[in-house]
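Below is one structure, written out as structure tokens, with a few remarks after it.
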Amino acid sequence: MKTSAIRLGATGALLVGMAGCGGGGGYGGSSGSPGTDPNPPMTATFASIQSHVFTPICSACHAGAAAPQGLKLDVANSYMMLVNVASAEVPSIKRVAPGDAANSYIVQKLEGHAAVGARMPFGGPYLDATTIGLIRQWIDNGAAQ
Ligand code: HEC
């Protein structure tokens, strides 16, 4: 009896402590203090796209042995699975064709006009035009690693 009362008390204190945290963190990292933001605003580079899009959004599905269409977008695999690799759904189109965003299958999937399957991220919410524009720019600039 006495023990359970103490446990309840401890749990209550823990819940109050968590509620007081103010909901920091989350995707984007814009709430950090100046100079310590681990994830600065997205730019048209592979590393930035990885940390803003592929890792937090796409690799929820596109990772591991069951990755859809064999496409893994986690940090260890994404570049070699995208750049100059044929799409599984439309093999005549590269997932990322360096210098040619319009004919890169990933762009068609993100914009929702690919010939096969659904718009990505599957089920939404979809990427905004600015984010897709940065991915297009990275590809048009040559898709460097
Ligand atoms: C909720 C799970 C899910 C998420 C999140 C998701 N995908 Fe997919 N993806 C799928 C499924 C399932 C397929 C295969 C069916 C289809 O194309 O509709 C697919 C197929 C693809 C293909 C086609 C691959 C090929 O070789 O033909 C690409 C490219 C792709 N996804 C990119 C992305 C990108 C980029 C993101 C993140 C912005 C993303 N996906 C997020 C589930 C997901």
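The values are calculated or read from the model by the stated rules, or taken from the named source; none is laboratory data. Computed from a prediction, not measured in an experiment: that's the story for all the values here. Positions of Cβ are backbone-derived with ideal geometry, glycine not excepted, and every protein chain shown enters the neighbour counts. Remember, those area values only see protein heavy atoms, side chains included, never the ligands or the DNA or RNA. Shrake-Rupley method; radii C 1.70, N 1.55, O 1.52, S 1.80 Å.
Please tell me the relative contact order of region 46-140 in percent, rounded to the nearest whole number, where contacts are Cα pairs under 8 Å and at least six residues apart.
Dividing the mean separation by the residue count of region 46-140 yields 18 percent.
Quick one: what does P(r) look like for region 46-140 with 10 Å bins over all Cα pairs, in whole %?
17, 58, 25, 0
In terms of solvent-accessible area of protein heavy atoms at a 1.4 angstrom probe, what is the ranking of 131, 43, highest value first?
43, 131
For region 91-132, what relative contact order do you get, as a whole percent, if you take Cα pairs closer than 8 Å and at least 6 residues apart?
Averaging sequence separation for qualifying contacts and normalising by length gives 24 percent for region 91-132.
What list of ³J(HN,Hα) values in whole Hz, one per residue of region 55-61 in order, does the Karplus curve 6.51 cos²θ - 1.76 cosθ + 1.60 (θ = phi - 60°) give from phi, with Gly and Pro shown as x?
Each residue's phi maps through the Karplus curve to give 5, x, 10, 6, 6, 4, 10 Hz.
Applying the Karplus parametrisation 6.51 cos²θ - 1.76 cosθ + 1.60 with θ = phi - 60° to the phi angles of region 129-143, what ³J(HN,Hα) value in whole Hz is obtained for each residue in order, glycine and proline being reported as x?
Calculated HN-Hα couplings, in order: 4, 5, 5, 5, x, 5, 5, 4, 5, 4, 5, 4, 7, x, 6 Hz.
Near the amide H of residue 94, under 5 Å away, which other amide H atoms are found, from residues 5 or more places off or on another chain, if H is placed in the peptide plane?
87, 105
Convert each backbone phi in region 117-124 into a coupling constant with the Karplus relation 6.51 cos²θ - 1.76 cosθ + 1.60 (shift: θ = phi - 60°), then list the ³J(HN,Hα) values in order as whole Hz, x for Gly and Pro.
Computed from phi, the couplings for region 117-124 are x, 9, 5, 9, x, 3, x, x Hz.
Given labels modelled 7 Å from the Cα in the Cβ direction, how far is it in nm from residue 122 to residue 140?
Calculated label separation equals 3.0 nm.
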